[in-house]
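What follows is one structure encoded as structure tokens, with my remarks underneath.
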């Protein structure tokens with residue numbers, strides 16, 4: 001049973017490792033709307049200021065992953081799954097680093113089972 005709040009696919013691991021080689025330390029932020037819809041955004045750590053209202057949801061590939069407080073409430077009972085798809089002209093204007101490689105990170109989610117959520121709550125209390 002995997003009760004991490006945020007996980008990634010194997011394809012994301014490959015892309016993130018390439019981005020780390022090219023950009024150094026990275027940080028992720030689950031966008032809350034605005035310019036990039038609700039896409040997970042990847043930045044060089046030195047280029048991103050984490051807003052004080054954001055919550056650290058976890059880490060992916062050794063990189064911190066943040067989410068807006070209001071979005072966290074929406075996803076509280078869910079596991080966020082970060083995936084990637086080949087870029088299309090529909091989203092080629094993103095500020096996220098993977099766009100330059102021809103990809104876009106996307107968010108999927110699944111609801112934790114009652115048993116899993118009990119474990120998640122225990123981890124939250126630590």
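Of the strands (runs of 3 or more DSSP E) entirely within the range 57-117, those holding at least 1 residues that are modelled with pLDDT of 95 or more and in contact with a helix residue (DSSP H, G or I) (Cβ under 6 Å, 6 or more places away or on another chain) occupy 78-86.
Just one of the numbered conditions (1) modelled with pLDDT under 90; (2) touching a helix residue (DSSP H, G or I) at 6+ places or on another chain (Cβ under 9 Å) is not true of residue 123: (2). Scanning the range 25-51 for residues that are out of contact with any strand residue (DSSP E or B) (no Cβ under 6 Å at 6 or more places or on another chain) and at pLDDT 90 or above returns 25, 44, 46, 47, 49.
The values are calculated or read from the model by the stated rules, or taken from the named source; none is laboratory data. It should be emphasised that the depicted structure is a prediction, and the values quoted were computed from it without experimental measurement. Quick reminder, even Gly has a Cβ in these numbers, built from the backbone with ideal geometry, and neighbours come from all protein chains shown.
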